[in-house]
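K.L.:
The structure is given below, and queries will be raised subsequently.
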Amino acid sequence: MNEHLIMILICVLTVAFVVFGVYLALGKGLAFRMFALVGPAIGFICYLGYVVGDSHLDPNVAMITTPVSAIVGTAALYSLYRIVVKRIAVQTESLMASTAQLSATAKQSAATAAEQSTVVSQVTATTEEINQMSLTTSQNAEELMKLGGEALQRGQTGLQATESAARVIAEISEMSEIVETIRSLADQSKLLAVNAAIEAAKAGEHGRGFSVVAAEVRTLAEQSREASLQVRESLRRSDEARRAIELVRQTIEELVMTLESTADKGRQISGATIQQSAGLKQISAAMQNVAQAGHDTTASVRQLEQASESLRQVAINMSIFVTGKARAEA
Amino acid sequence: MDERDKRLLQQRAARYAIRNPNDSEYSRSAFESMPSYESQARDHSFVIFRLGGERFALQATSVLAVGPMPPLVPLPGQPDAVRGICLFRGVCVSVIDLAGYLGVSLSEESLLMTAHDPHGRPLSFAIEGVDDVCALELSDEAGRERSVDWPVRAIARTARSSSERSEFVSIIELGLLYQSERISVLKNA
């Protein structure tokens, strides 16, 4: 009676396990399917183990406790599986979200890296143009220095020439005193001639020849005076020329100073452009390194993107496998 | 100028400063009694000089000398026509303002002409310059200038060659200067 009862219970339990397993098998999810397949098998295996194996317990008690143990164990295993599966599902969800975010970040990083690469290329090109302009400026500055040096040399030559001319004109101007003396002598000679002519006139017929001589002397005196006036006029013009030369000398001096200042500025510009060119070369090299790093970053980001996509697909597959449901974002 | 010259000039100045009440003008008859100028002009030489931009002539025989302008000593109480006195060959000579008398102004005063007056005394005046010593040709206008109130006795023109342009000059008679009250003080000095 007891054996039948036990068997009935076993059958009932077995049927119940089968029904429960079918129910679970119809459900979705790895844990339920595992339990549906593994649970009855475990109960049946425990029972067979008890029946076939050697047992020291009371057969009646064993007939009862064994299926109960199987059920309880299966239930505990089922509960454990549900917890694990839930956690796996949660982690899978988080993994999917993380992989999605990672993928988006990777895409954004790839776009940023591409944009950065473009900007770096533009900066590199601009730096190269600036470098070329700096080189051109440096060449122009050197040319300016060369021309300024030639102009400076010519200006100094002109300055020396004006100084020589000023000295000559100053010496000529000193002749004005001599000319003034000549003019005074001519005036006195003329007066003497006039007085001689007057005395000759007083002498009447006897002084006629002397009056001719006096007239000639007066004529010579007048010519001398006229010549001295002409020389004085020439000296006055030479004085104007001296002032003009002095003005030219001052102008050339200012020009020489300006040229010296220009040459100095040219040297400064040339040095600055050389330093600028060197700095631009360093910037260009750094930009090339940055561009290379950008390319490497882009490649790494793409690999990361691919990896994250693969990981996301794995997460989706795992989620489907665990939960038995295909998510919308999958 | 030494102290002796200054003393002489001061004595002469003091004597000239006293107006002589017995001075009398040259009469018209005296003027008319002068020899014909037409007869003298061609035969005598004249000194042509400039005064106030105009040309005047003085008979060469009456001119003593032409020289640079010496320093003048003003006379106390002197007439307006007398500018002062100066030394000429050791003699004090009156320097009259001939330009002012003739109504012209000196543009430059560089020379002093000294001449004999009709009394044979030296008389000086400032001129601008001497142009020539030559004979003159009387012009047709000569007679009209004959006046007892004007020292210009005749108008003549310089006898130049055909290539040169002759210029008119005014012949001055120093004796006529004494007809003026301004100058008459010198007549008997």
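Readers should treat all values here as calculations from the given coordinates under stated rules, not as data from a laboratory. These numbers come from a predicted model, not from an experiment. Cβ: placed from backbone, ideal geometry, glycine included. Neighbour counts: every protein chain shown.
K.L.:
Quick query: amide H of B:VAL133 versus all other amide H atoms, modeled in the peptide plane; which residues come in under 5 Å with a sequence gap of 5 or more or a different chain?
P.N.:
B:ILE48
K.L.:
In peptide A:178-190, how many Cβ atoms from other protein chains are near each Cβ within 10 Å, on average?
P.N.:
Neighbouring Cβ atoms belonging to other protein chains average 1 per residue here.
K.L.:
Rounded to whole Å and sorted largest first, list the principal axis extents of the Cα atoms in the stretch A:246-330.
P.N.:
Sorted largest first, the three principal extents are 109, 22, 10 Å.
K.L.:
Shifting gears a bit: Hey, fewest Cβ within 10 Å first, where do A:SER228, A:SER176, A:SER79, B:SER124 land in order? Don't jump to the answer; show the numbers that get you there.
P.N.:
On the way: A:SER228 20, A:SER176 16, A:SER79 11, B:SER124 25.
Going from least to most buried by this count: A:SER79, A:SER176, A:SER228, B:SER124.
K.L.:
For the stretch A:150-206, state the average projected area of the convex hull of the C-alpha atoms over all orientations, rounded to one decimal in nm².
P.N.:
Numbers: hull surface 21.6 nm².
About 5.4 nm², averaged over all directions.
K.L.:
Can you give the relative contact order of the stretch A:119-224 as a percent, counting alpha carbon pairs under 8 Å and 6+ residues apart? Before the final figure, lay out each step's value.
P.N.:
Numbers: 42 pairs, mean separation 21.8, N = 106.
Computed over the stretch A:119-224, the figure is 21 percent.
K.L.:
For the stretch B:60-122, what does the alpha-carbon gyration tensor say about shape, rounded, prolate or oblate, given a ≥ b ≥ c as the root eigenvalues, a/c under 1.5 as rounded, and a/b over b/c as prolate? Could you put the intermediate results ahead of the total?
P.N.:
Details: a/c = 1.33, a/b = 1.17, b/c = 1.14.
Rounded, because the longest to shortest axis ratio a/c is under 1.5.
K.L.:
If amide hydrogens are placed 1.01 Å from N in the peptide plane, which non-local residues have theirs closer than 5 Å to the one on B:PHE88?
P.N.:
Those lying under 5 Å, H to H, from B:PHE88 are B:VAL93.
K.L.:
Now, a different point. Can you give me the three principal axis dimensions of the stretch A:95-232 from its C-alpha atoms, in Å, biggest first?
P.N.:
Cα extents, longest axis first: 154, 22, 17 Å.
K.L.:
In Å, what is the Rg of the alpha-carbon atoms in the stretch A:186-310, and how long is Dmax?
P.N.:
46.6, 151
K.L.:
List every residue whose amide H lies under 5 Å from the amide H of B:ALA65, counting only residues 5 or more places away in sequence or on a different chain, with H placed 1.01 Å from N in the peptide plane.
P.N.:
Amide H neighbours of B:ALA65: B:THR114.
K.L.:
Still on this structure: Can you tell me how much longer the chain between A:SER176 and A:GLN139 gets when fully stretched, taken as 0.36 nm per residue apart minus their C-alpha distance, in nm with one decimal? Could you put the intermediate results ahead of the total?
P.N.:
Working: separation 37, 0.36 × 37 = 13.32 nm, distance 5.50 nm.
Length difference between fully extended and current span is 7.8 nm.
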